[in-house]
Amino acid sequence: MSDLESKTRYEPSEVEPRIIERWLESGLGHPDPEGSADQNYTIAIPPPNVTGVLHMGHALNNSIQDALVRHARASGKQAKWILGTDHAGIATQTQVEKALTAQGESREELGREAFVKRVWEWRDQYGGQIVEQLKRLGSTLDFDEERFTLDAGYARAVQKVFVDLYDKGYIYRDRYIVNWDPGSRSAISDLEVEEREVTDTLFYIDYPLESNEGHLTVATVRPETMLADVAVAVNPSDSRYAHLVGQHVLLPLVGRRLPIIADDYVKTEFGTGALKITPAHDPNDFEIGHRHALEARSVIGEDGRLTDDAPERFVGLTVAEAQEAVVAELTASGALSKREPYTHTVPFSQRSGHRIEPLISLQWFMRMDQLAAPAIQVVKDGKLKIHPESQSRRYVDWLENIRPWCVSRQLWWGHQIPVYYRGDETHVGTEAPEGDGWERDPDVLDTWFSSALWPFATLGWPDETPELKAFYPTDALVTSRDIVFLWVARMVMMGLEFTGQIPFEDVYVHSIVQAPDGRRMSKSLGTGVDPLELINGGPRPPVFNPGGDPGEFPAYGADAVRWGLLAMSSGQDVKFSEERVAQGQSLANKLWNASRLILLKVDPQTRAAAMPQTVEDRWILSRLANAQTQVGARIEEFDFARAANEIYDFVYAELCDWYLELVKPRLYDGDTQTAATLLHVLTETVQLAHPVIPFVTEEIYAHIPGAEGLLAQRTAPTTSDAKNPTAEKALEQAITAVTAIRAWRDSTEVKPSAILPARLVGEGYAETAAQVALLARLDLNSESSNGSEPAATVPIPGGALEILATADVDLGAAQRKQDAKRQELTADIARAKGKLANAGFVAKARPEVVQAERDKLAALEAELEAL
């Protein structure tokens, strides 16, 4: 028994690991940089966090990228898919600090050098997990050249960029209000902040007028920050307070004299229309303070506790404790006039989950407006295309309103800022200054600063390496919308500034895969679907059966997961569908079974060649050429859902359902030309499907007689000359006729095995009458077909098919079936009309429910009329 004969079922768990090893051993992903740059195709992976494990977003993102690079290879190009991981400053440092805490240690006890050494050890132990998982998905990255955003060469590029930007005046140090993350004890950028809706208490506090002529009431959700108030502001158009502008109030609990100022920012409808101004603890107040030259007092420290600048009785309290103490004193003094619930949006750190504490801090910033201008222009000029267009508009809108970027972080794990201090001296440079007394700035750069250099720093920049010359600029970037600003825009700015070229020509912003119920995927919420458990089999998350046993995923295999995810990705937000993954598994199985049918029947000495003899041969070659054109175009247009579905439709609806059924008699008779044509069609079909379902196609290709090397390295031939509209028209007409006859047979309950005598009366069947007879199980050559009256007539394109009398046909069965259906439809129509005639239903039901009932009635009436 041959190897193929023994494999009656396609088993991805056996095939896929073996195929992965073949791809890795071939050096498939590591192209020669000395080749012609015009023949290269490059993508840089969005570097996953070194702490990361494969999630559904990674699975979709990398399925798309792999489809692109496999399509490029099949088009005759050298494809390099740049691999690497990101050091992920906050996330990685947090992981290691948790491990230290569990061991009774802390980073402060270890000291910086020892702590960083410990993080490197952690990275060496755990950092490769996601890379191995990407291999399991079938990703053909350049595994021979894995980069890391903290490796020595990359660090040199980061240091150079910082120094160059500093020398150009883009990078500067300043005291400014920042988003302070108490969880990571570091400043974070605006883009690392997420707004959440929360319900706080709105406190109304009476600030007595210095004139003793009453008080001014302000409303705030943060009474603890009043200890740092420097003014009270009202809107200049607010007639209630116009007479008070220029006067002063006294700060409750403290007694400090505060001016009453007028500023357009104040919203008259919020609270009382009077706003306490605390520049050191609110970003909007900070801007008001600048406009009015107000002092910025700070009473909250970086540790989240009140500092020595607060009244002594509050020093050392946490923010929550301070709020409680302040409210208690305000209540006791009679200054708290009212409190009420208030729902609003509040900033939280995406990194740690803690509520942001706005603080004034000495940080390093980067001016962005001049860098943003050319990055906007390349999009407006069409040199950089962002798909879909809606994401292009978001990109431009953000860059046109860009603010300075806080690039420093108060961490130890990351690129330490190349700045040195000695007394009043400051040295900025890639090399440490000579002499005693110099201390390096302890901060590190924002992770996104180093990531912004990814497309060119991974290829050896600032050196003029062969890789940089061959593979930069890259061709496309595949990403999700949540990092268009954090990463994509910054890569464009850095690419233009330091290489003079856009880093990629196309940006494809793919779908966000949500849980089946529409919520975000999250392990903690029970809504996260693990792609590896789909591939290998494993427990379904609770979202599949809330409150019950959701059961287990079967081992669908990587091809099924890849096809399913691509088929789902038709919009920006899509719900996960296990049915789509199962459909992908069915496609792999269908293609495997079709291949066995062919390969077990052809002579092993036969070689693939297009040798059409019949109309169905010319039809399948034409349909294959059309599928190749369409699928290739869909991939190049980043329309992966349609590409996946067109592969499915060709394999199922054309190759298997029609062509193989038509060609089986010739295949079984051992016709050599038929065998050669079948091998050709099979070879090009697995090539067509390979970018989406690479494992099963690679396995099938290995069994095709005469196939050389790997399918993944094969260049697809040009087949446009095989397109044949005449053959397509003829066979499509025959297929429509067969479909009509099969429907008639079903309606009259003719046994599937029965061959019916018949006459084909119509035009356009000169080449296809025998094919219609074969697939519709008809005898068009019966002696009784001449002159006898038909027992039934089936309309078909171009004429009719007359069924002659035979014991196999019971026309009464069809009539009885139709009568029963008429009765069913008549009853349904009566019920629908009765419901719509009910005035109470029409008046009380929601409009969409009433319309649905009207649509249902119309459909029922149309079906009855057709019957």
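Starting from the stretch 286-309, take each residue that is free of Cβ contacts under 8 Å to residues at least 24 places away in the same chain and list its partners that are open to solvent by 60 Å² or more (accessible area, probe 1.4 Å), counting only C-beta distances under 8 angstrom and pairs at least six apart or across chains.
Matching pairs, first to second residue: GLU287/TYR265.
Has the stretch 349-364 got at least one residue that is open to solvent by less than 70 Å² (accessible area, probe 1.4 Å), out of contact with any helix residue (DSSP H, G or I) (no Cβ under 9 Å at 6 or more places or on another chain), closer than 23 Å to GLN159 by Cα and part of a loop (DSSP other than H, G, I, E, B)?
Checking the stretch 349-364: not a single residue is open to solvent by less than 70 Å² (accessible area, probe 1.4 Å), out of contact with any helix residue (DSSP H, G or I) (no Cβ under 9 Å at 6 or more places or on another chain), closer than 23 Å to GLN159 by Cα and part of a loop (DSSP other than H, G, I, E, B).
Where residues in the stretch 753-768 are open to solvent by less than 30 Å² (accessible area, probe 1.4 Å) and either in a strand (DSSP E or B) or aliphatic (A, V, I, L, M) (or both), which of them is farthest from ASP808 (Cα to Cα)? Write out each step before concluding.
The initial filter retains those residues of the stretch 753-768 that are open to solvent by less than 30 Å² (accessible area, probe 1.4 Å), namely 754, 756-758, 765, 768.
Then drop every residue that is not either in a strand (DSSP E or B) or aliphatic (A, V, I, L, M) (or both), which leaves 754, 756-758.
Numbers: ALA754: 7, LEU756: 7, PRO757: 10, ALA758: 12 Å.
For the stretch 753-768, the residue satisfying everything is ALA758.
From the set of residues in the stretch 486-507 that are open to solvent by 20 Å² or more (accessible area, probe 1.4 Å) and in contact (Cβ under 8 Å) with a residue 40 or more places away in the chain, which is farthest from LYS160 (Cα to Cα)? Lay out the reasoning, then the answer.
Of the residues in the stretch 486-507, the ones open to solvent by 20 Å² or more (accessible area, probe 1.4 Å) are 496-502, 505-506.
Adding the requirement that they be in contact (Cβ under 8 Å) with a residue 40 or more places away in the chain leaves 496-499, 502, 505-506.
Numbers: LEU496: 16, GLU497: 13, PHE498: 10, THR499: 13, ILE502: 19, GLU505: 25, ASP506: 27 Å.
Among those that are open to solvent by 20 Å² or more (accessible area, probe 1.4 Å) and in contact (Cβ under 8 Å) with a residue 40 or more places away in the chain, it is ASP506.
Say we look at the stretch 832-854 and pick out the residues that are charged (D, E, K, R) and loosely packed, with under 11 Cβ neighbours inside 10 Å; which of these is nearest to the chain's Cα centre (by Cα)? Let's see the steps before the verdict.
Step one: filter the stretch 832-854 for residues charged (D, E, K, R), giving 833, 835, 844, 846, 848, 853-854.
The next check asks that each one be loosely packed, with under 11 Cβ neighbours inside 10 Å; those that pass are 844, 846, 848.
Details: LYS844: 42, ARG846: 36, GLU848: 33 Å.
Checking each candidate, the answer is GLU848.
Search the stretch 647-659 for residues being surrounded by 19 or more Cβ atoms within 10 Å (Cβ to Cβ) and of a type outside the set (Ser, Thr, Tyr), and hand back the single one that is farthest from ALA594 (Cα to Cα).
Here the answer is ILE647.
So which residues in the stretch 811-846 are touching a helix residue (DSSP H, G or I) at 6+ places or on another chain (Cβ under 9 Å) and either in a loop (DSSP other than H, G, I, E, B) or under 19 Å from VAL772 (Cα atoms) (or both)?
Result: ALA845, single match.
Just to be sure I understand, how many residues within the stretch 553-575 are at pLDDT 95 or above and charged (D, E, K, R)?
Of the residues in the stretch 553-575, 2 are at pLDDT 95 or above and charged (D, E, K, R).
Please find, within the stretch 365-396, the residue that is nearest to GLU637 (Cα to Cα) out of those that are of a type in the set (A, V, I, L, M, F, W, C) and assigned to a helix (DSSP H, G or I). Working first, answer last.
Quick first cut of the stretch 365-396, residues of a type in the set (A, V, I, L, M, F, W, C) only: 365-366, 368, 371-373, 375-376, 378-379, 384, 386, 396.
Those still in the list that are assigned to a helix (DSSP H, G or I) too: 371-373, 375-376, 378-379, 396.
Values: LEU371: 29, ALA372: 27, ALA373: 27, ALA375: 23, ILE376: 22, VAL378: 20, VAL379: 17, VAL396: 22 Å.
That would be VAL379.
May I ask you to list the residues in the stretch 609-627 that are under 27 Å from HIS71 (Cα atoms) and open to solvent by less than 50 Å² (accessible area, probe 1.4 Å)?
The answer is ALA609, ASP617, TRP619, ILE620, LEU621, SER622, ARG623, LEU624, ALA625, ASN626, ALA627.
Condition first: over 12 Å from THR479 (Cα atoms) and either out of contact with any Lys or Arg (no Cβ under 8 Å at 6 or more places or on another chain) or free of Cβ contacts under 8 Å to residues at least 12 places away in the same chain (or both). Now tell me which residues in the stretch 32-53 satisfy that. Break it down into steps so the answer makes sense when it comes.
Going through the stretch 32-53, the residues over 12 Å from THR479 (Cα atoms) turn out to be 32-42, 49-53.
Within the stretch 32-53, ASP32, GLU34, GLY35, SER36, ASP38, ASN49, THR51, GLY52, VAL53 qualify.
For PRO790, state whether it is under 14 Å from ALA807 (Cα atoms), more than 50 Å from the chain's Cα centre (by Cα) and open to solvent by 40 Å² or more (accessible area, probe 1.4 Å). Write out each step before concluding.
Details: under 14 Å from ALA807 (Cα atoms): yes; more than 50 Å from the chain's Cα centre (by Cα): yes; open to solvent by 40 Å² or more (accessible area, probe 1.4 Å): yes.
It is true that PRO790 is under 14 Å from ALA807 (Cα atoms), more than 50 Å from the chain's Cα centre (by Cα) and open to solvent by 40 Å² or more (accessible area, probe 1.4 Å).
Among the residues that make up the stretch 721-740, is at least one of them in contact (Cβ under 8 Å) with a residue 40 or more places away in the chain, under 27 Å from ILE803 (Cα atoms) and β-branched (Val, Ile, Thr)?
Yes, the conditions are met somewhere in the stretch 721-740.
What helices (runs of 4 or more DSSP H) lie completely within the stretch 101-220 and have 3 or more residues being open to solvent by less than 80 Å² (accessible area, probe 1.4 Å)?
Working: elements: 107-110, 112-126, 129-137, 152-167.
Of the helices (runs of 4 or more DSSP H) lying wholly inside the stretch 101-220, those with at least 3 residues that are open to solvent by less than 80 Å² (accessible area, probe 1.4 Å) span 112-126, 129-137, 152-167.
Suppose we filter the stretch 708-736 for residues that are open to solvent by 10 Å² or more (accessible area, probe 1.4 Å), modelled with pLDDT of 95 or more, closer than 30 Å to GLU14 by Cα and among the hydrophobic types (A, V, I, L, M, F, W, C); how many remain?
1
The values are calculated or read from the model by the stated rules, or taken from the named source; none is laboratory data. The structure presented is a predicted model; accordingly, all values stated were derived computationally and were not measured. When we count neighbours, we look across all protein chains shown, and the Cβ atoms used for this are built from the backbone with ideal geometry, even at glycine. Surface areas here come from the heavy atoms of the whole protein model, side chains and all, with no ligands, DNA or RNA. Shrake-Rupley method; radii C 1.70, N 1.55, O 1.52, S 1.80 Å.
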